[in-house]
Amino acid sequence: MNQIYTIALLIVSNIFMTFAWYGHLKLQQINVFTQHTPLIFVILLSWLLALPEYSCQVPANRIGFVGNGGPFTLMQLKVIQEVITLSVFTVFVTVFFEGESLHWNHAAAFLCLIMAVYFVFLK
């Protein structure tokens with residue numbers, strides 16, 4: 001069950017992270033922000049989104065870490081995190097940003113990530 005909790009928390013964490021890091025670009029694109037919006041305002045807004053991100057990320061790592069009784073080593077947690085990050089980011093970009101699309105090289109990169117997961121779990 002810790003595997004499911006860990007992965008679910010990592011997914012939620014990465015949704016918040018992606019919006020914190022890239023959401024302001026979409027808000028600028030739809031004229032909620034302009035190029036003249038003070039950067040400090042955008043940073044503070046991103047920090048507000050980063051708080052729930054960390055509120056999910058830290059428990060995910062604690063629950064998932066083998067040293068705390070979880071199923072994953074640190075290396076496994078990190079590779080899982082990166083795969084989730086890029087998956088969430090890909091969905092975010094293709095849904096929210098027109099003109100962004102997937103190409104063959106993106107598929108090749110995902111294949112490499114799948115291989116990374118395989119290798120990190122190899123005994």
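Read-outs: derived from the displayed coordinates by stated rules, not from any lab. Just so we're clear, the structure is a prediction, and the values are computed from it rather than from any experiment. Cβ coordinates were reconstructed from backbone atoms using ideal geometry, including for glycine residues, and neighbour counts include every protein chain displayed.
List of remarks:
- Other residues within the sphere of radius under 13 Å centred on the Cβ of Met75, judged by their own Cβ, net out at +1 (K and R +1, D and E -1).
- Two-decimal Rg to Rh for the stretch 72-123 - Kirkwood Rh, Cα set: 1.07
- Stokes-Einstein D for the stretch 44-111, Kirkwood Rh over Cα pairs, 37 °C, 0.692 mPa s (µm²/s): 232
- Scanning residues 5 or more positions from Phe33 or on other chains, those with amide H under 5 Å from its amide H are Gln28, with H placed 1.01 Å from N in the peptide plane.
- Within the chain, the selection of entire DSSP H helices by a Cα span of 24 Å or greater along the long axis and an average Kyte-Doolittle value of at least 1.6 returns 74-96, 104-121.
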